[in-house]
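This report concerns only the one structure given below.
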Amino acid sequence: MSLESIKYQRGNLEVLDQLLLPLQTIYIKVAGVEDGWKVINKMQVGGAPAIAIVGCLSLAVELLKDETSDKKIMRQEIEGKLNYLVSARPTAVNIKLAAEELINLANTLSADENVSAESFKERFITCIESMLVKDIEDNKAIGEFGCEAILKQLEGDSQVRVLTHCNTGSLATAGYGTALGVIRSLHKSSRLEHVYCTETRPYNQGARLTAYELVHEKVPATLIVDSMVAALMHARKITAVVVGADRVAANGDTANKIGTYQIAIVAKHHNVPFYVAAPLTSIDMSLKSGDSIKIEERPDKEMTHIGDFRIAAPGIKCWNPSFDVTPASLITGIITEKGVFAPNNLQEILPP
Ligand SMILES: CSC[C@@H](O)[C@@H](O)C(=O)COP(=O)(O)O
């Protein structure tokens, strides 16, 4: 069975504490928006889709307990709480787009005289709950499209070696995963020879989470340190790189975990196709290019320490951007639930 990072039943939300993995499997109760903001900001839950889903579900849990019977007050509170949740982490766009959609729904329900306060609440919560199912369906479609695109470039029925970065699996989504979903689909098709996953310094999502998922799923995999990517591509034939995204701009420039950009440069040098696997909810058509994507900077401690153990020389200054932007020119294709698109062709699916 796949790992489950989000456990939800109406009125009850728990998330698997990613900071404790792989050593401990502990679920944290998220009783409302304040808890939702904290688990996202502290990175107890990470990954753009999972951040959006957990944030919105934390609002669903809070709303269920709310006894307000005034729709206007409910609408106002919902808007404030969603904007607050969006502020927990600035780079991933999924939560911002989900918040905009939910605020529109709240406006419509509040303005409709035929909708009672009870029915407003019910329809609003149901809409949030549907995100869980939709994300898994989208990821399975991404997996299939990605698998097909990678296999299409091969001659005969040769085996595939893939490199991935950060965590994009069941832990970073509602389930199945995006880039890791593509890897899962390749594995199912018996064409996957091997996966290489990077450690993903400084927070080690690759070593802690992706490696954990790959071992759990019995996918043949090897962990490498981030600085080994060029050596790996020189030493072994890598068929493709597949990574996730936190925000894709309208021109295809893609923000993803720090280190993605340099992997794309190395891939270009070695003629290795570089794919971004992301649902449409990671594409921000309001931004012309990656230059306008806000890059989150994380506390120094995430670089200088491993857990509570300091590894960096005391007194040294740090720069800790959590993401970088890979220019569209380095990206072979963006794998979405609607198919694989050239980065300069996103208007085909999402007209501006
Ligand atoms: C399907 S997850 C895609 C991205 O969100 C992922 O690659 C990533 O960068 C995660 O960053 P994180 O800082 O752990 O939230």
(message) So for the stretch 97-118 (the condition being under 26 Å from ILE40 (Cα atoms), surrounded by 15 or more Cβ atoms within 10 Å (Cβ to Cβ) and either in the same structural domain as THR254 (by TED's automatic domain parsing) or among the basic types (Lys, Arg) (or both)), does at least one residue qualify?
(response) no
(message) Which of the helices (runs of 4 or more DSSP H) found entirely inside the stretch 184-299 contain at least 2 residues meeting this: touching a strand residue (DSSP E or B) at 6+ places or on another chain (Cβ under 6 Å) and open to solvent by less than 30 Å² (accessible area, probe 1.4 Å)?
(response) 211-216, 260-269
(request) Please enumerate the residues belonging to the stretch 1-42 that are touching a Phe, Trp or Tyr at 6+ places or on another chain (Cβ under 7 Å), open to solvent by 10 Å² or more (accessible area, probe 1.4 Å) and under 16 Å from CYS166 (Cβ atoms). (result) PRO22
(message) Residue pairs, Cβ under 8 Å, 6 or more apart or interchain, first in the stretch 96-117 and within 22 Å of VAL54 (Cα to Cα), second among the aromatic types (Phe, Trp, Tyr) and part of a helix (DSSP H, G or I). List them.
(response) LEU102/PHE124; LEU105/PHE124; ALA106/PHE120; ALA106/PHE124
(message) Being of a type in the set (Lys, Arg) and either outside the structural domain of THR304 (by TED's automatic domain parsing) or open to solvent by less than 10 Å² (accessible area, probe 1.4 Å) (or both): is that true of LYS152 here?
(response) no
(request) Give VAL45, VAL86 a once-over and let me know the one that is open to solvent by less than 20 Å² (accessible area, probe 1.4 Å) and within 16 Å of the ligand (Cβ to nearest atom). (result) VAL45
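The values are calculated or read from the model by the stated rules, or taken from the named source; none is laboratory data. No experiment lies behind these values; they were computed from the predicted model shown. Every residue, glycine as well, gets a Cβ built from its backbone with ideal geometry; the counts of neighbours run over all protein chains shown. Heads up: the accessible areas ignore ligands, DNA and RNA and are worked out on the full protein's heavy atoms, side chains in. Shrake-Rupley method; radii C 1.70, N 1.55, O 1.52, S 1.80 Å.
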